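Some notes on the structure that comes next.
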Amino acid sequence: MYKLASRNEPARGVSFRMYLPPAFAEHDPRVLHEFIDAHPLGILVTAAGGAAPVATHLPMVLDRDRGVLQGHLARANPQATSAAGEALVIFTGPDAYVHPGWYPSKAEHGRVVPTWNYVAVHASGPLRYMEDREWLARHLERLTARHESHRERPWRIDDAPADYIERALGDIVGIELEVSRLEGKWKMSQNRSAADITGVVAGLGVSPDDRDRAVAAIVEARRPASKRLRARGRVTGTPRDAR
């Protein structure tokens with residue numbers, strides 16, 4: 001058991017780690033940052049003071065220069081008063097079920113099983129609460145601009161009555177996570193043979209589901225160089241599944 005953290009004191013003894021087989025790992029910070037920008041709805045997970053883990057879905061803004069994630073919680077959310085300490089934010093992207101019949105190796109030896117392809121990025125580090133009204137206003141302006149700037153008539157905070165916004169600021173608590181660990185997982189059939197990867201791309205590629213086709217494109221893009229189809233033949237890999 002570790003000491004209960006104060007409101008802005010990181011708790012000790014909590015460490016969030018992703019199960020990350022080397023074949024699926026992404027270590028390039030630029031790629032991970034771009035993924036967060038493209039998939040900003042994160043899941044904030046905390047387990048402060050030995051209490052049961054709590055999770056909240058919330059949009060986040062990444063400040064690359066400072067290495068922090070910013071967001072806000074409803075003040076009525078219990079996580080807004082008990083979450084200070086080590087925290088985890090999970091970002092997810094395209095995912096799809098993988099049918100084992102797409103693997104040519106199924107016909108060869110039958111030693112295949114269904115699996116799931118997906119993309120996930122985990123950011124963890126100490127979490128701080130932000131109560132300052134000016135900080136909250138700047139955060140909301142930045143968050144709003146992030147999602148409104150491309151519109152023909154973007155909504156701005158000052159479009160709403162000032163007293164309404166002032167009350168709204170009192171109903172939220174800002175959060176800032178200092179990212180000390182950033183992990184990316186692109187589980188996209190990289191551990192399959194070249195032929196099996198081709199089968200997955202083909203199977204997902206003809207799906208009527210947009211998400212399946214998006215995953216097909218990522219599977220092809222993430223195909224290891226040693227398993228790319230070559231003009232003079234195919235390079236095969238190890239038909240082993242590791243989830």
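Here the condition is being in contact (Cβ under 8 Å) with a residue 12 or more places away in the chain, more than 22 Å from LEU41 (Cα to Cα), surrounded by fewer than 15 Cβ atoms within 10 Å (Cβ to Cβ) and of a type outside the set (Gly, Ala, Ser); of ARG75, ARG133, it holds for ARG133 alone.
Just to be sure before I move on: is ILE165 part of a helix (DSSP H, G or I) and at pLDDT below 95 in the structure I sent? Yes; evaluated as a whole, the condition is true for this residue.
The condition of being under 18 Å from the mean Cα position of the chain (by Cα), buried (at least 18 other Cβ atoms within 10 Å of the Cβ) and under 30 Å from SER207 (Cα atoms) holds for only one of VAL121, VAL98, that being VAL121.
The residues listed here are ASP171, ASP241, ASP158; of these, the one that is acidic (Asp, Glu), in contact with a strand residue (DSSP E or B) (Cβ under 8 Å, 6 or more places away or on another chain) and modelled with pLDDT under 95 is ASP241.
The residue list GLU178, GLU166 contains one member that is surrounded by fewer than 19 Cβ atoms within 10 Å (Cβ to Cβ) and touching a residue at least 60 places away in the same chain (Cβ under 8 Å), which is GLU178.
Assess whether GLU183 counts as being more than 14 Å from TYR103 (Cα to Cα), among the acidic types (Asp, Glu) and touching a Leu at 6+ places or on another chain (Cβ under 8 Å). Yes, satisfied. Among the residues of region 169-225, just one is under 27 Å from LEU62 (Cα atoms), over 23 Å from the mean Cα position of the chain (by Cα), part of a helix (DSSP H, G or I) and not hydrophobic (A, V, I, L, M, F, W, C), namely GLY170. Screening TRP102 with (1) more than 24 Å from ARG222 (Cβ to Cβ); (2) in contact (Cβ under 8 Å) with a residue 24 or more places away in the chain gives one miss only, at (1).
None of LEU62, LEU73, LEU143, LEU136 is touching a helix residue (DSSP H, G or I) at 6+ places or on another chain (Cβ under 6 Å) and either modelled with pLDDT under 95 or part of a helix (DSSP H, G or I) (or both) except LEU136.
Only residues that are in contact with a helix residue (DSSP H, G or I) (Cβ under 8 Å, 6 or more places away or on another chain) and closer than 14 Å to GLU176 by Cβ were counted across region 43-58, and they come to 2.
Quick one: would you say ARG30 is over 12 Å from the mean Cα position of the chain (by Cα) and within 17 Å of LYS185 (Cβ to Cβ)? For ARG30, the condition - over 12 Å from the mean Cα position of the chain (by Cα) and within 17 Å of LYS185 (Cβ to Cβ) - is met.
Which of the residues spanning region 213-238 are buried (at least 20 other Cβ atoms within 10 Å of the Cβ) and at pLDDT 95 or above? VAL215, ALA216, ILE218, VAL219, ARG223, listed by residue number.
The values are calculated or read from the model by the stated rules, or taken from the named source; none is laboratory data. Note that the structure is predicted; figures quoted are calculated from it, not measured. Neighbour counts are summed over all protein chains in view; Cβ atoms, including those assigned to glycine, are modelled from backbone coordinates with ideal geometry.
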